[in-house]
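Report on one structure; see the data block that follows.
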Amino acid sequence: MNPEMLAHLRSVCGDETVLEEIERVLADEFQHLQAEIAQANFRLEQQQTLFHVITRLREPLDLETIFHTTATEVRQLLQADRVGMFRFYPNSNWDDGEFVSEDVNPAFTSAMAHKIHDHCFGEQFASHYQQGRVQAVADILNCGLSDCHIQVLSQFQVRANLVVPLLQGENLWGLLCIHQCDAPREWQTREIEFVCQIANHLGVALKHAELMAELQAEIIVRQQAEQAVQTLNQGLQRAMIEMNAVNKELEAFSYSVSHDLRAPLRSIDGFSQALLEDYLEHLDADGKDYLRRIRAATQRMGQLIDDLLNLSRVTRSEMHVGTVDMSLLANHICSELEESQPQRRVEFLIQTGLIVQGDTRLLQVLLENLLNNAWKFTSKIAIAKIELGMMLSATGIPTYFVKDNGAGFNMAYINKLFAPFQRLHSFQEFPGNGIGLATVQRIVHRHGGKVWAEAAVDRGATFYFTLVAEEEKV
């Protein structure tokens, strides 16, 4: 007590016993006030530390910096020997991990860079910590801890231990550990509450770090996708340039074929005809036959040139996709076939409502080739039957077909069917240059579909085609 105040009280109070009682009461009150002041100061420092932690969470700091600075401030406030953040290894079932951040009294060993294994923790305690359990041990030697737990703590000279879970969302990420190494320590309620608050805020930092890692991973994936798209676009641009160059070469080649090859053919045909007309009486039967064969060969060569040019145009021509009524196109083609040979008996079965998306001109060529083939290969059938229809495949893709009951073919040669100028029947039996089905295949491929056939000799053939890629079906 202040000496001047004590002297004043003695002058006022003559009874020494009363004075001693007053001194005792005042001393108790003074001690109580000192305790309240100390507690208030601790709470002030506690709030300041929490404020610093929250402030750091709002700054673009990495997790390591947040951990290290927080450990330093908490150790100073609690006057502890070590404050560390322990992380469990992923997929270790909470039995293995290491300290990833620490602030420690230099008089004691660092816990960093030590791999820690505790085969008891994952099985017995992890679920409890995941539910928010806090462990406050005043003396590890007198609190009933298991031998394996004491062994783990003793290697870091721990005598008193305060452990709070670090939760990343609902997952037990690690532990916030407060160690007293020089002696046992009774942990105060206010200290435990403070450490729990710190752990909660660090949990926010962990969740932020997890979300940031996911965001960065997504950004990397998107950047890679953008790079892939850019590379693909560059490749497409190069391909377009190359394709344009090839198309120009094809156009030049087509011009050469159309003009340079036709001229000598016309000369051969013309002079052969002149010989037949002007020198007919000078030619024997063999000479006349040879000239007729020469003319037939030149005319067939001219037809081959036309077919080759048509095939090239199918490949190079620009597509104009729209709504196409294939039933209507097929009816027109069948009417023209009937007019060309009215004496034939042919039953046409054209399914109505075959509406598709495609290029009208190309689909017209496709149907002309398939229906003309069916017409040709049923020419030796007394009552021919030609059918155009649609069915759904197992995956729901519309599959169109042209079916006939004509000559058919041997399926052993199916691999030659769509190759240009490949024929499965002799020219004398069924005229043609073998270009029609190659044209069909290219048209189908340009629409993204596929074409195939089934047949048997003298039992007809069926040609199937789709006009959409299989993977595009929703």
Flagged in segment 147-156 as within 28 Å of Gly203 (Cβ to Cβ) and open to solvent by 50 Å² or more (accessible area, probe 1.4 Å), in numbering order, are Gln155
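One line per residue, one yes/no per condition, for (1) at pLDDT 85 or above; (2) outside any helix (DSSP H, G or I):
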{"position": "Gln151", "(1), (2)": "yes, no"}
{"position": "Val163", "(1), (2)": "yes, yes"}
{"position": "Asp182", "(1), (2)": "yes, yes"}
{"position": "Glu191", "(1), (2)": "yes, no"}
{"position": "Phe194", "(1), (2)": "yes, no"}
{"position": "Ala209", "(1), (2)": "no, no"}
{"position": "Ala217", "(1), (2)": "yes, no"}
{"position": "Ala245", "(1), (2)": "no, no"}
{"position": "Lys248", "(1), (2)": "no, no"}
For Gly396, the lone unmet condition from (1) closer than 22 Å to Arg459 by Cβ; (2) of a type in the set (Gly, Ala, Ser); (3) in contact with a Lys or Arg (Cβ under 8 Å, 6 or more places away or on another chain) is (1)
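Okay, residues lined up against (1) surrounded by 14 or more Cβ atoms within 10 Å (Cβ to Cβ); (2) hydrophobic (A, V, I, L, M, F, W, C):
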position: Asn161; (1), (2): yes, no
position: Arg190; (1), (2): no, no
position: Phe194; (1), (2): yes, yes
position: Glu210; (1), (2): yes, no
position: Glu218; (1), (2): no, no
position: Gln224; (1), (2): no, no
position: Thr231; (1), (2): no, no
position: Lys248; (1), (2): no, no
Residue pairs qualifying under the 7 Å Cβ cut-off, at least six apart or on distinct chains, with the first in segment 311-339 being under 21 Å from Ile383 (Cα atoms) and at pLDDT 90 or above and the second being of a type in the set (Asp, Glu) and open to solvent by 30 Å² or more (accessible area, probe 1.4 Å), are Ile333/Glu368
Scanning segment 69-110 for residues that are of a type outside the set (D, E, K, R), crowded, with 20+ Cβ neighbours inside 10 Å and under 20 Å from Gln197 (Cβ atoms) gives Thr70, Ala71, Val74, Leu78, Ala80, Val83, Gly84, Met85, Ser101
Picking from Arg10, Arg56, the residue that is modelled with pLDDT under 90, touching a Leu at 6+ places or on another chain (Cβ under 9 Å) and surrounded by 10 or more Cβ atoms within 10 Å (Cβ to Cβ) would be Arg10
Original post:
Does Ala330 satisfy the condition of being at negative phi and open to solvent by 50 Å² or more (accessible area, probe 1.4 Å)?
Top reply: no
Across segment 360-384, the tally of residues that are β-branched (Val, Ile, Thr), within 19 Å of Thr466 (Cβ to Cβ) and open to solvent by 40 Å² or more (accessible area, probe 1.4 Å) stands at 1
Quick count over segment 344-359, residues being more than 19 Å from Leu392 (Cβ to Cβ) and loosely packed, with under 15 Cβ neighbours inside 10 Å, is 2
Those residues of segment 69-107 that are in a strand (DSSP E or B) and not acidic (Asp, Glu) come to a total of 12
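The values are calculated or read from the model by the stated rules, or taken from the named source; none is laboratory data. Fair warning: this is a prediction, and the values are worked out from it, not measured in the lab. Quick reminder, even Gly has a Cβ in these numbers, built from the backbone with ideal geometry, and neighbours come from all protein chains shown. All accessible areas refer to the heavy atoms of the entire protein, side chains included, with ligands and DNA or RNA removed. Shrake-Rupley method; radii C 1.70, N 1.55, O 1.52, S 1.80 Å.
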